[in-house]
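Laboratory data are not the source of any read-out in this text; all were calculated from the coordinates shown. Remember, it's a predicted structure, so these values are computed and weren't measured experimentally. Cβ: placed from backbone, ideal geometry, glycine included. Neighbour counts: every protein chain shown.
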Amino acid sequence: MNKVFKLAEETLYCYFGPSHPLHVNIHLIVAGLYISKGKMLDAEKIFKSSLNCCIQSLGPNHIKTGNLHMDIGYFYL
């Protein structure tokens, strides 16, 4: 799973740069996979990275940022 994730991130980084909103989508998919495997610390790290990327690329008041805050809230519940 890490190999595929790294390849997806490298491809996005190559074509779109380090803080493109598509990174958020990849992070959410990987976080979901980590949660399904019971790797909560890894999922939390991915969520935090995703939130940082989302705020940098879209801003704190974007709907995608709000949705990500909701996803992180559900994760902590």
Check: With the calculation restricted to Cα positions, what are the radius of gyration and Dmax of region 2-76 in angstrom?
Finding: 11.9, 33
Next item on the list: Pop out the ³J(HN,Hα) list for region 31-36 in order, Karplus 6.51 cos²θ - 1.76 cosθ + 1.60 with θ = phi - 60°, rounded to Hz; leave Gly and Pro as x.
Entry: 4, x, 5, 4, 4, 5
Check: In terms of modelled amide H atoms, which long-range or inter-chain residues lie less than 5 Å from the amide H of H62?
Finding: none
Next item on the list: Kindly provide the helix-only [θ] at 222 nm of the chain, computed as the sum of -39,500 (n - 2.57) over DSSP H runs of four or more divided by all residues, to the nearest 500 deg cm²/dmol?
Entry: -27000 deg cm²/dmol
Checklist line | Virtual spin-label span in nm between Y15 and M70, 7 Å along Cα→Cβ | finding: 2.8
Next item on the list: Return a single number: how many Lys pairs in region 2-76, at a sequence separation of 8 or more or on separate chains, have alpha-carbon atoms below 22 angstrom apart.
Entry: 13
